[in-house]
1. Taking only the stretch 183-211 into account, find how many residues are part of a loop (DSSP other than H, G, I, E, B) and of a type in the set (D, E).
2. Within the stretch 127-145, how many residues turn out to be in contact with an Asp or Glu (Cβ under 7 Å, 6 or more places away or on another chain) and part of a loop (DSSP other than H, G, I, E, B)?
3. Pairs, please: C-beta under 6 Å, at least 6 apart or cross-chain, first residue more than 30 Å from H288 (Cα to Cα) and in the stretch 107-135, second of a type outside the set (D, E)?
4. Please count how many residues of the stretch 204-240 are out of contact with any Asp or Glu (no Cβ under 9 Å at 6 or more places or on another chain) and within 18 Å of H274 (Cβ to Cβ).
5. Inspect the stretch 174-184 for any residue being free of Cβ contacts under 8 Å to residues at least 24 places away in the same chain, surrounded by fewer than 16 Cβ atoms within 10 Å (Cβ to Cβ), assigned by TED's automatic domain parsing to the domain that holds L115 and within 21 Å of P281 (Cα to Cα) and give the result as yes or no.
6. Looking only at the stretch 274-289, which residues are under 17 Å from the mean Cα position of the chain (by Cα) and assigned to a loop (DSSP other than H, G, I, E, B)?
7. Which residue out of V148, V164 is of a type in the set (A, V, I, L, M, F, W, C) and touching a strand residue (DSSP E or B) at 6+ places or on another chain (Cβ under 8 Å)?
Amino acid sequence: MSAEVRVLIADKMSSVAATVLRGAGITVDERFGISPEELVGAIGDYDVLLVRSRTKVTRDVVAAAGRLKLVGRGGIGVDNIDIDAATERGIMVMNAPNGNATTTAELAIAHMFGLARNLVNAGASMREGKWEKKRFMGRQVAGSTLAVVGLGNIGRIVAQKASVLGMQVKAYDPFVTAEQVRALGYEPCDTIEGVVSGADFVTVHTPLTDGTRGMIGSAAFAAMKSNAYLIQCARGGVVDEAALLSALNGDEIAGAALDVFVSEPQGATDLALHPKVHATPHLGASSHEAQDLVAQELVEQVADYFATGEQRNVLNLSRL
């Protein structure tokens, strides 16, 4: 690199990130928890901004970024980054889609078992000094049907693990052909209502876009079995939360597990407190292994770009 490259890491990230970047001769500043106002004031000094999900890379941030060449997201979803504003300024937006895929898939599977065996409510009952064995009769996962909405990295891992568990897998993804779904060993479906119909568990693994916002809504809940469970470990907003609450209260479905919400951080809302809901605070990528893998994947891409010009996982490359 002929000129100094300066990177600002705005969100808490594994120490692997700074170590790899500094080893590549890149200057790194870590300002975890930087405020939006501070970010606007500081961003003009940096070539790269690295974030997780907390920091919002708004149009104001982009406008103040006189030398910024790249925004990197440690993870998959980039709904906290104004990609249009970045594209207008010729700034690449890069993500790290692989590092936390397995960990997030494992959380979805864990939630599925938790719902099937009433683990959250049974544990709460035990802490109250009760022994309610008959109340918490569960159901067997093997032999049941799983509907996977979204066959990207995470959705495919979930589907594969479900197959090993002896589940029948149906899948919906408008970007994956029916032939490709069949080749993976799953039943293809061409509508949301079609994939959720007859399923015992429905798991959601799509990004949040204008096309996916609210895609799991009233029509989907009406098509689900009354004893089916929903698992949402994708992005807040893909599930219509008002429609979900109505479906739970109306006994249209048996329950739900939610790791993501429209509004985060999430407090004690009607959904989080609902007796049919297992709620977790966006733990999809929260494993030690995933944190290291995501950080390494992202910063190796950044270092390679400045060393050789290689562009990997750049989401707006075709528009620049």
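The values are calculated or read from the model by the stated rules, or taken from the named source; none is laboratory data. Since this is a predicted model, take the numbers as computed values, not measurements. Positions of Cβ are backbone-derived with ideal geometry, glycine not excepted, and every protein chain shown enters the neighbour counts.
1. Taking the stretch 183-211 and keeping what is part of a loop (DSSP other than H, G, I, E, B), we get 185-186, 189-191, 197-200, 205-211.
Narrowing the set further to residues that are of a type in the set (D, E) leaves 190, 200, 210.
The total comes to 3.
2. Of all residues in the stretch 127-145, those in contact with an Asp or Glu (Cβ under 7 Å, 6 or more places away or on another chain) come to 144-145.
Now drop any that are not part of a loop (DSSP other than H, G, I, E, B), which leaves 144.
Total meeting the criteria: 1.
3. Partner pairs satisfying both residue conditions: E132/S125.
4. Summing the residues that are out of contact with any Asp or Glu (no Cβ under 9 Å at 6 or more places or on another chain) and within 18 Å of H274 (Cβ to Cβ) in the stretch 204-240 gives 4.
5. No, every residue in the stretch 174-184 fails to be free of Cβ contacts under 8 Å to residues at least 24 places away in the same chain, surrounded by fewer than 16 Cβ atoms within 10 Å (Cβ to Cβ), assigned by TED's automatic domain parsing to the domain that holds L115 and within 21 Å of P281 (Cα to Cα).
6. Within the stretch 274-289, T280, P281, H282, L283, G284, A285, S286, S287 qualify.
7. Working: V164 fails: touching a strand residue (DSSP E or B) at 6+ places or on another chain (Cβ under 8 Å).
Being of a type in the set (A, V, I, L, M, F, W, C) and touching a strand residue (DSSP E or B) at 6+ places or on another chain (Cβ under 8 Å) holds for just one of V148, V164, which is V148.
For every residue, the table says whether it meets (1) small (G, A, S); (2) more than 16 Å from C233 (Cβ to Cβ); (3) at pLDDT below 95; (4) in contact with a helix residue (DSSP H, G or I) (Cβ under 9 Å, 6 or more places away or on another chain).
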position	(1), (2), (3), (4)
S125	yes, yes, no, no
E128	no, yes, no, no
V164	no, yes, no, no
K170	no, yes, no, yes
A178	yes, yes, no, no
